[in-house]
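The values are calculated or read from the model by the stated rules, or taken from the named source; none is laboratory data. Worth saying up front: this structure is predicted, and the values here are computed from it rather than measured. Using ideal geometry, Cβ is built from the backbone for each residue, glycine included, and neighbour counts are taken over all protein chains shown.
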Amino acid sequence: MDLTLHILSPEGPVLETGADLVTLPGAAGLFTVLKDHAPIVTALVKGNVRYVSEGKEEFVPIKEGFAEVRNNTVTVCAEV
């Protein structure tokens with residue numbers, strides 16, 4: 001897997017897993033993060049964090065929050 005995905009809520013860690021891709025509900029629309037994505041910090045809106053791990057598609061519903069992408073790590077801070 002090319003990425004590490006961390007999802008954190010105010011209550012604590014929700015998920016830490018490897019992923020091949022992560023799709024996030026950005027304030028300007030959905031966007032997908034792949035290996036070697038440019039570093040960004042962005043606002044998120046209510047929706048699903050979609051990720052694919054070992055060919056299996058998974059979803060984690062979130063409320064609004066923020067995401068940081070850096071060094072092939074996607075960190076989501078949001079209420080779930």
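Looking at region 30-57, I want the residues that are of a type in the set (D, E) and have a partner that is in a strand (DSSP E or B) with Cβ atoms under 9 Å, at least 6 apart or on another chain. Which pairs are those?
E54/G18; E57/R50; E57/Y51
Of everything in region 44-80, what is of a type in the set (V, I, T) and either at pLDDT 95 or above or closer than 10 Å to L5 by Cβ (or both)? Give them in sequence order.
Of everything in region 44-80, those that are of a type in the set (V, I, T) and either at pLDDT 95 or above or closer than 10 Å to L5 by Cβ (or both) turn out to be V45, V49, V52, V60, I62, V69, T73, V74, T75, V76.
Restrict the check to region 29-41 and report whether at least one residue is touching a Leu at 6+ places or on another chain (Cβ under 6 Å) and among the hydroxyl-bearing types (S, T, Y).
yes
Just give me the residues in region 39-71 being more than 15 Å from G26 (Cα to Cα) and crowded, with 16+ Cβ neighbours inside 10 Å, in sequence order.
If the condition is that a residue be more than 15 Å from G26 (Cα to Cα) and crowded, with 16+ Cβ neighbours inside 10 Å, then V52, S53 are the ones that fit.
Could you check region 2-57 for strands (runs of 3 or more DSSP E) lying wholly inside it with 1 or more residues that are of a type in the set (G, A, S) and touching a helix residue (DSSP H, G or I) at 6+ places or on another chain (Cβ under 9 Å)?
none
Taking the condition of a type in the set (K, R) and out of contact with any Pro (no Cβ under 8 Å at 6 or more places or on another chain), does K56 pass?
yes
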